[in-house]
Amino acid sequence: MGTRSLTCVVLDSQFKIAQYGQFDGYPSGQGSTALSIMREIVAQNKLERFTDKVRTLTTLTDAQHKQLWIDVGADPSKDYVSMEIGNAFDEKHPELSRRTGAEILSLVLNRDITCVQLSEDFANDSLFCEWCYVIDLDQALFEVYRGFQKQPHSEGRFATNSCERSGYYPVGLVKSYSLNTLPTTDVFVRDNS
């Protein structure tokens with residue numbers, strides 16, 4: 001289902017990952033995926049390795065992103081691509097795919113991902129950003145944010161952005177968990193539904 005979300009990682013007080021996801025953004029979808037991956041990283045004592053890999057990530061420029069599309073056959077004079085070119089791009093660059101969602105966490109840990117595209121501004125319009133999951137490695141937290149915020153609020157890291165778009169404000173914090181005591185999937189879904 002087309003429930004849009006963000007999966008983010010904050011390190012050294014900055015967004016290092018802010019992965020836009022087009023599908024299954026609700027807590028029982030991408031939220032549970034992010035939770036499961038982080039539970040596994042912690043349980044397998046891979047948090048330091050994950051942190052080190054996140055620290056080395058760089059942000060792809062618009063020109064670099066455009067070139068990657070051209071490299072798989074996109075016509076730069078057009079605003080659209082065929083399904084075949086879209087699939088080829090997703091296959092070659094899953095770290096940049098809107099289909100990847102929370103799986104970006106596994107890709108960063110287990111592959112040689114060096115560049116990501118940051119979409120943290122998407123959290124400012126909670127009409128479209130329905131859910132957001134933030135792994136804060138500085139504070140060892142897993143935060144859950146909900147969209148559809150029709151009033152200004154002070155809930156979480158995005159609230160200070162205080163920009164109104166289409167009658168909606170930034171996503172609001174619902175729940176925060178310590179990375180050292182992450183809940184089960186059932187508890188997580190119940191807490192955030």
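Connecting C-alpha atoms closer than 10 Å in a GNM of the chain, tell me which of Cys115, Cys129, Cys163 has the biggest fluctuation.
Sorting by GNM fluctuation, first place goes to Cys163.
Residue by residue through segment 119-129, which ³J(HN,Hα) values in whole Hz follow from phi under the Karplus form 6.51 cos²θ - 1.76 cosθ + 1.60 (θ = phi - 60°), with glycine and proline marked x?
10, 4, 5, 4, 5, 6, 10, 6, 5, 9, 8
So what are the ³J(HN,Hα) numbers for segment 71-87, from phi and the Karplus equation (6.51, -1.76, 1.60; θ = phi - 60°), rounded to whole Hz, Gly and Pro as x?
Whole-Hz 3J(HN,Hα) from phi for segment 71-87: 4, 9, x, 5, 8, x, 7, 10, 8, 9, 10, 6, 4, 5, 5, x, 5.
Which of Gly101, Thr7, Leu179 sits farthest toward the positive end of the charge dipole of the chain, with +1 on the Cβ of Lys and Arg and -1 on the Cβ of Asp and Glu?
Leu179
Report relative contact order for segment 47-193 in percent, whole number only (criteria: Cα-Cα under 8 Å, sequence separation at least 6). Before the final figure, lay out each step's value.
Numbers: 193 pairs, mean separation 26.9, N = 147.
Normalised by residue count, the contact order of segment 47-193 is 18 percent.
So how many Å³ per residue does the convex hull of the Cα atoms of segment 127-193 work out to? Working shown, then result.
Working: hull volume 5.5 nm³, N = 67.
Normalising the Cα hull of segment 127-193 by residue number yields 81 Å³.
With +1 on the Cβ of every Lys and Arg and -1 on the Cβ of every Asp and Glu, and nothing else charged, how large is the dipole of the chain about its Cα centre, in debye rounded to the nearest 20? Could the numbers behind the result be given before it?
Working: 19 positive and 26 negative charges, 52 e Å.
In debye, rounded to 20, the chain gives about 260.
Summarise the accessible area of segment 50-193 (1.4 Å probe, protein heavy atoms) by the percent that is carbon and sulfur.
48 percent
Using a basic spin-label model with each label point 7 Å from the Cα along Cα→Cβ, how many nm lie between Gln64 and Thr185?
Going from the Gln64 label point to the Thr185 one covers 3.4 nm.
Students often forget the sequence filter, so: which lysines lie under 22 Å Cα-Cα from Lys150 once same-chain residues fewer than 8 apart are removed?
Lys175
In terms of modelled amide H atoms, which long-range or inter-chain residues lie less than 5 Å from the amide H of Leu141?
Sorted by chain and number, the residues that satisfy this are Asp136, Leu179.
At 222 nm, what helix-only mean residue ellipticity would the chain give, in deg cm²/dmol to the nearest 500, using -39500 (n - 2.57) for each DSSP H run of four or more? Can you show the working numbers first?
Numbers: 6 runs with 55 residues, N = 193.
Roughly -8000 deg cm²/dmol at 222 nm, from the helical runs in the chain.
Which whole-number value in Å² is the accessible area per residue of the chain, probe 1.4 Å? All intermediate terms of the calculation are to be shown ahead of the outcome.
Numbers: 9760 Å² over 193 residues.
Averaged over the residues of the chain, the accessible area is 51 Å².
With the radius of gyration and the Kirkwood radius both derived from the Cα set of segment 35-116, what is their ratio Rg to Rh? Walk me through the numbers on the way to the answer.
On the way: Rg = 15.0 Å, Rh = 14.1 Å.
Rg/Rh: 1.06.
Nearest 20 debye, what's the magnitude of the dipole of segment 59-120 about its Cα centre given +1 on Lys and Arg Cβ and -1 on Asp and Glu Cβ?
Details: 6 positive and 11 negative charges, 7 e Å.
That gives segment 59-120 a dipole magnitude of about 40 debye.
Restricting to Cα pairs below 8 Å that are 6+ residues apart, what does the relative contact order work out to for segment 2-57? Please round to a whole percent.
Details: 55 pairs, mean separation 18.0, N = 56.
Relative contact order here is 32 percent.
For the charge dipole of the chain, defined by +1 on Lys and Arg C-beta atoms and -1 on Asp and Glu C-beta atoms about the Cα centroid, which residue among Val189, Cys129, Thr114 has the Cα displaced farthest towards the positive pole?
Towards the positive end, the residue furthest out is Val189.
Report, by chain and number, residues whose modeled amide H sits under 5 Å from the one on Ile17, excluding near sequence neighbours (fewer than 5 apart, same chain).
Those lying under 5 Å, H to H, from Ile17 are Val9.
Magnitude of the Cβ-charge dipole of segment 33-76, K/R +1 and D/E -1, about the Cα centre, nearest 20 debye? Can you show the working numbers first?
Working: 6 positive and 6 negative charges, 57 e Å.
Approximately 280 debye in magnitude.
The values are calculated or read from the model by the stated rules, or taken from the named source; none is laboratory data. Predicted model only: the values in this text are computed from it and were never measured. With ideal geometry, Cβ positions are generated from the backbone for all residues, glycine too; neighbour counts draw on all protein chains shown. Accessible surface is based on the protein model in full, side chains and every heavy atom, while ligands, DNA and RNA are left aside. Shrake-Rupley method; radii C 1.70, N 1.55, O 1.52, S 1.80 Å.
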